[in-house]
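Quick one: structure below, then a few questions.
Rule-based calculations on the coordinates, nothing more; no lab input. Computed from a prediction, not measured in an experiment: that's the story for all the values here. Backbone-built Cβ (ideal geometry, glycine too); neighbour counts: all protein chains shown.
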Amino acid sequence: MNLQLTDKIAIITGGTRGIGAGIARVLAAEGVHLALAYRSDTEGALRFTQELTEQYGIQAHAIKADVTIPKEVEAFYQKALALFPTVHILINNAAGGTPENTPMEELSFDQWKACMNGCLSHVFTMSQAFVKECKKSAHGGHIVNVSAKAAFHSASHNKIPYATAKGAIATLTQRMANDLIEDDIFVNAIVPGYVLSNYYRDPESPQCKAKEKDLRIGWATPEDMGNITAFLCSPLSRQIIGAVIDCSGGTML
């Protein structure tokens, strides 16, 4: 299927590894040019963008930015728009600042704020800057936000800040979609389940083996998430507006 994305320009936060990298690969295969925000591992980020450029013949640039800081979001867009004439797609994928295995009563407010900033606040600031550019250029656009299964269905403990932030992404997605569709800006979200990426890497590891009982159709790959996201960025998905799409492989049933 031709998704009609050739020569579109996309921004992906957390775009050089994990789910973000899988989305980048699929979009690159569709002929989309890429500005990928990353926070660490400059060598790896530059190597990844070079691979995309050589394999798919598109332009791909890695731009270092801590998107939890509004001034760095502004600087990121300045750099991206110096490389490209405009931008048509935004994928809000980055997530961080999550406290690990900390009971609620032991959480500090700083830990709570770090998780909100790392998982939620930058979705707003990145989207706000994107919307300004879309309206300025009068060409519409597509935003896909990455939520998480933990926000809707999980027996895991000590995930309150993370699940709260990722759940708020669903509400933000729907309200943005409602407000922006008149400007031809389509906003949707995906809800990944168990994906072989940054957190779960090796299917043979004890960490992954412990989750096998929850899998319905096996592990997802970052490219699985990329295929769904690419469709949501296509004009072929024009009837999907404000959707929060379960991409968990049946693990939320």
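Which residues, counting only those in segment 15-40, are within 15 Å of His61 (Cα to Cα), touching a Ser or Thr at 6+ places or on another chain (Cβ under 9 Å) and not in a loop (DSSP other than H, G, I, E, B)?
Hits for segment 15-40 are Gly20, Ala21, Ile23, Ala24, Leu27, Ala28, Leu34, Leu36, Ala37, Tyr38.
Note down all Cβ pairs under 6 Å where the first residue falls in segment 83-102 and is farther than 14 Å from Val187 by Cβ, the second is among the aromatic types (Phe, Trp, Tyr), and they're at least six residues apart or on different chains.
Correct list of pairs: Thr98/Tyr162.
Also, quick follow-up: Report the residue count in segment 228-244 for those that are surrounded by fewer than 17 Cβ atoms within 10 Å (Cβ to Cβ) and either more than 15 Å from Gly140 (Cβ to Cβ) or not hydrophobic (A, V, I, L, M, F, W, C) (or both).
3
Condition test on Arg201, is it touching a helix residue (DSSP H, G or I) at 6+ places or on another chain (Cβ under 9 Å) and either within 16 Å of Cys247 (Cβ to Cβ) or basic (Lys, Arg) (or both)?
yes
So which pairs qualify, if the first residue must be in segment 56-69 and without any contact (Cβ under 8 Å) to a residue 60 or more places away in the chain and at negative phi, the second must be in a loop (DSSP other than H, G, I, E, B) and of a type in the set (D, E, K, R), the Cβ gap must be under 6 Å, and the two must be at least 6 apart or on different chains?
Partner pairs satisfying both residue conditions: Asp66/Arg39.
Among the residues of segment 133-192, which ones are assigned to a helix (DSSP H, G or I), in contact with a Cys (Cβ under 6 Å, 6 or more places away or on another chain) and among the aliphatic types (A, V, I, L, M)?
The one that is assigned to a helix (DSSP H, G or I), in contact with a Cys (Cβ under 6 Å, 6 or more places away or on another chain) and among the aliphatic types (A, V, I, L, M): Ala165.
Shifting gears a bit: Restricting to segment 188-198, give me the number of residues that are touching a residue at least 60 places away in the same chain (Cβ under 8 Å) and either surrounded by 19 or more Cβ atoms within 10 Å (Cβ to Cβ) or of a type in the set (Ser, Thr, Tyr) (or both).
4
Kindly provide the set of residues from segment 213-253 that are among the charged types (D, E, K, R), over 18 Å from Ala148 (Cα atoms) and in a helix (DSSP H, G or I), ordered by number.
The answer is Lys213, and nothing else.
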